[in-house]
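Only one structure is covered here, and it is reproduced in the block below.
The values are calculated or read from the model by the stated rules, or taken from the named source; none is laboratory data. A quick note: this is a predicted structure, and the numbers were derived from the prediction, not measured. Glycine gets a Cβ as well: all are built from the backbone with ideal geometry, and neighbour counts include every protein chain shown. The area values use the complete protein model at the heavy-atom level, side chains included, leaving out ligands, DNA and RNA. Shrake-Rupley method; radii C 1.70, N 1.55, O 1.52, S 1.80 Å.
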Amino acid sequence: MSVVTEPRGFIDFYNKPGSSNGAKIAIILNELGLTYRYHEIHTPVSPLDKDTYHSLSPNGHFPVLTDIHPDGFKVSLNQTGAIAQYLVSEYDQIDNAISFPRRSPEEIEAMNWFFFGASRVAPAHGEAVHYTKKEEGPGSEAYSVGRFRSSTTGLFFALEQRLKETGDYLVGHKFSIADIAQIPFVVAAEEAGIGIEIFPNLTAWYNRVLSRAGVKKGLTVAGIEFLA
């Protein structure tokens, strides 16, 4: 990493439209009220942009976020969890708008739920959406559809039970990154063949988070369709 001359907070956000992971980052950026430049990535990438995008993400993984660290070097991140943690640690340690005080029980619990969304809900939901779409065409695989839809439903049930306990949000009775990690997948539940109306607490939570301006703007920026 080299020292650069751009000012602190010179954030560039690169994302492919419709990306669930990109939606998480867009929501965080907007909930924190950060100024950023949005770069929409389309594939296949044009020859003129290929080298630039390869330098940002050698394996072609997006979203990508770049920023200027307080010590003057350029930060470039291409893993969603790392981006989320970076934004919270650098821009939300005073107000705790979507996070909690460092080393608090709520911070630990929020990160647990964040990675529940990233490592459990995201893969199952992604496979359920994939096989549901395939089910609509030739060569459908009923077993795979059922397996991943059932798995995603079970994970939504875990969210339902948690929200039944808390009554509002996943952690600390406030909107946080724990909630943000789940939003894109609950928004796209129908794409996986799941109706969230069978989960009353999850449905109430959905309506609650979708009333937030930062969430709606983040989803819109990321190209995610939603019903508010």
**Report entry** Binned Cα-Cα distances of segment 10-92, short to long, each 10 Å bin given as a whole percent
**Finding:** 17, 55, 25, 3
**Report entry** Within segment 158-172, backbone nitrogen closer than 17 Å to the virtual label 7 Å beyond the Cα of residue 108 toward Cβ
**Finding:** 171-172
**Report entry** For segment 105-219, accessible area per residue (1.4 Å probe, heavy atoms of protein chains only), Å²
**Finding:** 46
Report summary line: Listed by chain and number, the residues whose amide H is under 5 Å from that of residue 174, excluding neighbours fewer than 5 places away on the same chain and using placed H, are 169
Requested in this report: Note down the accessible area of residue 150, probe 1.4 Å, to the nearest 10 Å².
Outcome: 80
Query - residue 75-residue 173 FRET efficiency (beta carbon distance; Förster radius 41 Å; 0.05 resolution) - result: 0.80
Report task. Using θ = phi - 60° and the Karplus relation 6.51 cos²θ - 1.76 cosθ + 1.60, list the HN-Hα couplings for segment 64-71 in order, rounded to whole Hz, with x at every Gly or Pro. Result -> 10, 10, 10, 7, 10, 5, x, 7
Query raised in the report: Using a Förster distance of 22 Å, how high is the FRET efficiency between residue 157 and residue 190, based on the Cβ-Cβ distance and rounded to 0.05?
Result: 0.85
Report task. Along each of the three principal axes of the Cα atoms of segment 105-219, give the extent in whole Å, ordering the values from largest to smallest. Result -> 47, 27, 23
Report task. From largest accessible area down, sort 16, 24, 74; use a 1.4 Å probe on the protein chains. Result -> 74, 16, 24
Report summary line: SASA check, residue 220, accessible area w/ 1.4 Å probe, all protein chains in place, rounded to nearest 10 Å², comes out at 90
